[in-house]
Amino acid sequence: MSDERPYVLGTGSDEHERLGLQHRLWSNAAHDAWMRARIGPGSVVLDLGCGPGWATFELAQIVTQRGRVLATDLSESFVDFVTGEAARRGHTQIDAFVSDATVDLGARLAARPALDAAWARWVFCFLAEPERAVEAVAAHLKTGAMFAVHDYFNYTAMTTAPRCEFHERAVQATARSWRDRGGDPDVASRLPALFAKHGLEVEHLAVHQRAARGGDSMFAWPDTWWRTWAPKLVDTGYLSREDCDGLFRTLDELARDRTRYILPPPVTEIIAKKR
Ligand SMILES: C[S@@+](CC[C@H](N)C(=O)[O-])C[C@H]1O[C@@H](n2cnc3c(N)ncnc32)[C@H](O)[C@@H]1O
């Protein structure tokens, strides 16, 4: 299964590296969320849609060898990487396995210990049926356990200051391409209701909005995003070659001009408790 319905952004080395940089830039927010979800030594934690495991390996350090990190992804190549890297690091507390969050996640979890917490970052926005994933995770959380999510609502608020037509078109093309594949760049707006339906009560809700100028570390997030993703939008017919070239020129200008900046997409944080 796994790579039969490939993840829209791909699983190649460019995406692998981009996810690493993205994790580094967002790791402070992730660690805050994990503390709110009371993840600590001995916890059994699910990393849903773990990718190549940038969060998984840090969670493994936090839960220690007394705990467990169940790391799962649709991509067999990402899961293989997590398994190999866990062995290399001696992280026997990591259990990495392939599953589709909307199909067989519940069956895969059934054979594993109940969860003290679950973590899902930038995964729900790619799922055609997010409720299936919520249902599977909720069913496997212990009473009082937490589900922490970082995902998108109002993705198309991503913009440059001042605004630039090439960037605006690339953002709209991105949202269209995700929706056409069943994803939802506004998925975090629907999650609280889905959580309530499956016995999860939202305890904490927040939005992380960043701003970045050329030279700021956060500038690399939208910059690497567009440089790996925009050519894929061109290849799939969502963006013209001229708009892509215009976007890259704009990024070059922004990198040099500290009077201009980018607002990356806002990230919604939701932390809910199993009743
Ligand atoms: C943007 S990446 C985020 C990876 C990781 N959560 C992180 O924050 O670094 C999205 C991940 O979701 C995975 N994914 C997409 N659809 C999935 C599905 N139906 N079931 C499980 N994983 C899925 C992709 O393979 C990819 O690894």
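Each reported figure results from applying straightforward, stated rules to the coordinates on display, with no laboratory input. Only a predicted model underlies this, so the values are computations on that prediction, with no experimental measurement involved. Note that each Cβ is placed from the backbone with ideal geometry, even for glycine, and that neighbours are counted across all protein chains shown.
See the values below:
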| item | result |
| --- | --- |
| Percent of C-alpha pairs per 5 Å bin, the range 23-72, short to long | 5, 23, 33, 28, 10, 1 |
| Residues Thr259 and His16, FRET efficiency given R0 of 35 Å [Cβ-Cβ distance, rounded to 0.05] | 0.55 |
| Segment Ala196-Ser240, length gained on full extension (0.36 nm per residue, minus Cα span) | 11.7 nm |
| Taking N as its residue count, the alpha carbon Rg of the range 192-275 over 2.2 N^0.38 Å | 1.52 |
| Relative contact order, percent, the range 2-274 [alpha-carbon distance under 8 Å, six or more residues apart] | 21 percent |
| Mean projected area (nm²) of the alpha-carbon convex hull when the range 2-274 is viewed from all directions | 13.3 nm² |
| With 5 Å bins from 0: P(r) over the range 57-198, alpha-carbon pairs, percent | 2, 9, 16, 19, 18, 14, 10, 7, 4, 2, 0 |
| The range 119-216, relative contact order [Cα under 8 Å, separation at least 6], % | 37 percent |
| Radius of gyration, Dmax [the range 123-275; alpha carbons; angstrom] | 17.6, 54 |
| Additional length obtainable on full extension of the chain from Ala29 to Ala111, 0.36 nm per residue less Cα span | 26.4 nm |
| All aspartates and glutamates inside 13 Å of Lys142 as judged from Cα atoms, apart from same-chain residues fewer than 8 positions distant | Asp116 |
| Hull shadow area, averaged, the range 162-233 [alpha-carbon convex hull, nm²] | 6.8 nm² |
